[in-house]
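Here's the structure, in structure tokens; my notes come after.
The values are calculated or read from the model by the stated rules, or taken from the named source; none is laboratory data. Quantities reported herein were computed from a predicted structural model and do not represent experimental measurements. Methodologically, a virtual Cβ is constructed for each residue, glycine included, from the backbone with ideal geometry; neighbour enumeration extends over all protein chains shown.
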Amino acid sequence: MSLELEIATVFRAMPGERACGDRAVRWEDGDDVLVAVVDGLGHGPHAEIAAVAAVDYIAEHRDAGLDPLIHGCDKALRGTRGAVLTLVRIRRSTGEAWHAAIGNVEARFVGSGDVPLLTTPGVVGARIRKIRERAFEFCAGSTLIIHTDGISSRFRLGELHGQSAEAIARTLLRDHAKDHDDAGCAVIVS
């Protein structure tokens, strides 16, 4: 088994601003895919500094497990405004997947079985508590949407499931992004 994954990442600044504190990024290293969605607290330049610091740390240490990545980001973001984030790693060859999150970056999944992707309350950069890492199976026909609070969670996942990752991401940004915040999301479809 080797999963075919389509991944789309999009983000935009709050209307009227240039600096964006939301980031959605991915790295593909051989068999593994790592996706991060980061929301620097608030919006504007200080939120962007925190989000970029988190993404830079993850990029440099992306081979580490999710727990060490988040704890490393926590140290790297001290002195910044801080951020909330969600990380997902998927191993294509087996469909094994892992999820860990701090704060209110939401993840919604449609796949084999009901998989609650829980977050740990807190702010990365403000001495986080214990991280809950969840293992789950990503199989053919699965859809995972990870989005910041700049996108309303009132969308109907069932209406989007079955579309391409790019179409879902663009729909979320176009139809569900809030006018008073930065917005970002990552969509993974197999």
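Observations on the structure shown:
- Counted residues, region 132-190 - those being assigned to a loop (DSSP other than H, G, I, E, B), of a type in the set (F, W, Y) and closer than 19 Å to E4 by Cα: 1
- Which numbered condition V35 fails, given (1) within 22 Å of G162 (Cα to Cα); (2) surrounded by fewer than 20 Cβ atoms within 10 Å (Cβ to Cβ); (3) of a type outside the set (S, T, Y): (2)
- In this structure, A167 qualifies as over 20 Å from A47 (Cα atoms), at pLDDT 95 or above and out of contact with any Asp or Glu (no Cβ under 8 Å at 6 or more places or on another chain).
- Index of the failed condition, G122 passing every other in (1) in a loop (DSSP other than H, G, I, E, B); (2) surrounded by 14 or more Cβ atoms within 10 Å (Cβ to Cβ); (3) in contact with an Asp or Glu (Cβ under 6 Å, 6 or more places away or on another chain); (4) among the small types (G, A, S): (3)
Residue-wise test of (1) of a type outside the set (V, I, T); (2) free of Cβ contacts under 8 Å to residues at least 24 places away in the same chain; (3) closer than 27 Å to R78 by Cβ.
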{"site": "E4", "(1), (2), (3)": "yes, no, no"}
{"site": "R12", "(1), (2), (3)": "yes, no, no"}
{"site": "R18", "(1), (2), (3)": "yes, yes, yes"}
{"site": "R23", "(1), (2), (3)": "yes, no, yes"}
{"site": "V35", "(1), (2), (3)": "no, no, yes"}
{"site": "G40", "(1), (2), (3)": "yes, no, yes"}
{"site": "G44", "(1), (2), (3)": "yes, no, yes"}
{"site": "A50", "(1), (2), (3)": "yes, no, yes"}
{"site": "A59", "(1), (2), (3)": "yes, no, yes"}
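- Filter pass, R23 being among the charged types (D, E, K, R), farther than 21 Å from A177 by Cα, assigned to a strand (DSSP E or B) and touching a strand residue (DSSP E or B) at 6+ places or on another chain (Cβ under 8 Å): no
- Considering region 29-57, and only residues there that are more than 15 Å from the chain's Cα centre (by Cα) and assigned to a strand (DSSP E or B), the residue that is farthest from I102 (Cα to Cα) turns out to be D29.
- Residue check: S93 meets all listed conditions (1) of a type in the set (S, T, N, Q); (2) part of a loop (DSSP other than H, G, I, E, B); (3) under 21 Å from L117 (Cα atoms) but one, namely (3).
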